[in-house]
Amino acid sequence: MSFVQRLLRQPQNVWLRRALFQVHLWTGIGVGIYLLVISVSGSALVFRTELHRKFTRPPVTVTPVGNLMTEDQLKEVAYRTYPGYEVTNVWKNKNADQAVEIWLNRNGKVKQRIFNPYTGADMGASEPAGVRLMLWLADLHDNLLYGDKGRFVNGVGSIFLALLCFTGAVIWWPGLGKLRRSLTLELKTNWKRLNWSLHNVIGLWTFAFVFLWAISGIYLVWPDPFAKIVDYFEPFDKAPLGDRLGDDILRWVARLHFGRFYGWPIKTVWTLVGLVPLALFITGALMWWNRVLRPAARQNANLNLE
């Protein structure tokens with residue numbers, strides 16, 4: 001039986017599949033926590049616009065008492081309130097009854113506060129807690145809270161996710177004789193087999209979504225290579241900017257990555273599907289425990305008994 005025939009009919013006996021299984025297993029364990037963070041934060045951000053609108057509050061007003069403080073006076077108040085910080089911006093409003101927003105920075109740590117322009121009293125954060133949470137989640141998802149370096153790590157993580165998709169697809173292939181059975185979940189079996197089946201079925205039916213997030217994650221970090229591919233196949237002299245199919249595809253790639261849709265039903269579905277990497281991580285970790293950790297623990301226990 002040739003290599004291709006064995007791959008189609010008896011893939012379990014092909015050494016390449018066994019090697020890719022090890023790559024898939026250890027890659028999944030290595031980037032599992034990262035994928036967990038990205039998965040949960042990404043799902044939470046699908047409704048980012050709606051949540052931001054809900055959490056946003058109207059401008060904070062004050063009761064005018066005496067004279068308005070000058071910008072220099074407000075800076076002095078901010079320096080006294082937050083020693084060691086540098087005032088980077090003072091945002092005064094046209095309306096005299098609105099609070100003034102002051103931004104401060106100390107070694108990269110930023111504070112955005114509002115002050116009473118008459119008394120100099122610190123009135124709290126410029127944004128409500130809900131808005132600050134959404135901004136924090138967005139920074140976590142986009143940059144891992146670490147600026148350009150975190151965004152670079154995100155790109156590398158997306159490459160590993162694409163690798164997991166590829167190796168997972170090869171490992172899933174059961175052979176022509178078992179294809180139909182591998183499309184559905186095995187319920188009447190032990191929990192180990194059920195966990196294996198659940199991992200395979202979830203990965204199979206959501207493969208397109210996860211692979212899309214992997215490729216779009218790479219694109220959002222390194223867009224230039226994708227743009228050059230579009231330029232190669234659709235030069236500007238033949239297709240003006242804005243009319244090229246490649247540009248439309250790239251815009252849709254970004255839109256699909258973040259779930260920028262209209263209507264809560266499809267956004268809800270996108271939120272739930274966004275948690276698929278979490279489910280794959282949990283079921284994969286259980287398989288790792290059964291295949292690697294538990295046998296190793298038993299072997300160590302037997303050695304200690306001897």
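Bear in mind these aren't lab numbers, they're just calculated from the coordinates by the rules spelled out. Keep in mind it's a predicted model, so treat the numbers as computed, not measured. Note that we place each Cβ from the backbone using ideal geometry, even for glycine, and neighbour counts take in every protein chain shown.
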What's the Kirkwood radius of the chain in Å, using all Cα pairs? 23.9 Å
Find which of PHE115, ALA78, LEU104 sits farthest along the positive direction of the dipole of segment 71-126, computed with +1 on the beta-carbon of Lys and Arg, -1 on that of Asp and Glu, about the Cα centre. LEU104
Which order do PHE233, PHE115, PHE55, PHE226 fall in if you start with the one that has the fewest other Cβ atoms within 10 Å? PHE233, PHE55, PHE226, PHE115
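Could you quote the convex hull projected area for segment 170-306, Cα atoms only and averaged over all directions, in nm²?
Working: hull surface 56.4 nm².
So the Cα hull casts an average projection of 14.1 nm².
222 nm [θ] for the chain, helices only, -39500 (n - 2.57) per DSSP H run of 4+, per residue, to 500? Please list the in-between numbers first.
Working: 13 runs with 187 residues, N = 306.
So the calculated ellipticity at 222 nm is -20000 deg cm²/dmol.
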Dividing the alpha-carbon radius of gyration of segment 128-179 by 2.2 N^0.38 Å (N being the number of residues), what value is obtained? 1.81
Run the numbers for LYS192 and TRP136: contour at 0.36 nm per residue of separation, minus the present Cα-Cα distance, in nm. 16.4 nm
Which value, in debye to the nearest 20, describes the size of the charge dipole of segment 71-126 about its Cα centre when Lys and Arg Cβ atoms bear +1, Asp and Glu Cβ atoms bear -1, and nothing else is charged? 200 debye
Evaluate the charge dipole of segment 13-129 about its Cα centre and quote only its size in Debye, nearest 20, assuming +1 on the Cβ of each Lys and Arg and -1 on the Cβ of each Asp and Glu. 600 debye
Place +1 on the Cβ of every Lys and Arg and -1 on the Cβ of every Asp and Glu in the chain, take the dipole about the Cα centre, and give the residue among TRP222, VAL65, LEU272 whose Cα lies farthest towards its positive end. LEU272
Just to confirm a number: summing +1 for Lys and Arg and -1 for Asp and Glu over residues other than LEU256 whose beta-carbon lies under 14 angstrom from that of LEU256, what do you get? +3
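Tell me, what is the Rg over Rh of segment 67-176, with Rh the Kirkwood radius over Cα pairs? Kindly include the intermediate steps, with their values, before the conclusion.
Values: Rg = 22.7 Å, Rh = 17.3 Å.
Ratio of gyration radius to Kirkwood radius for segment 67-176: 1.31.
From Cα pairs below 8 angstrom and at least 6 apart in sequence, can you work out the relative contact order of segment 71-126, rounded to a whole percent? Could you put the intermediate results ahead of the total?
On the way: 88 pairs, mean separation 14.0, N = 56.
Dividing the mean separation by the residue count of segment 71-126 yields 25 percent.
Taking the Cα centre of the chain as origin, work out the dipole magnitude from +1 charges on Lys and Arg Cβ and -1 charges on Asp and Glu Cβ, in debye rounded to 20.
Details: 35 positive and 21 negative charges, 333 e Å.
The dipole of the chain has a size of about 1600 debye.
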Alpha-carbon gyration tensor eigenvalues x 5, square-rooted, for segment 19-82, Å: 51, 19, 6
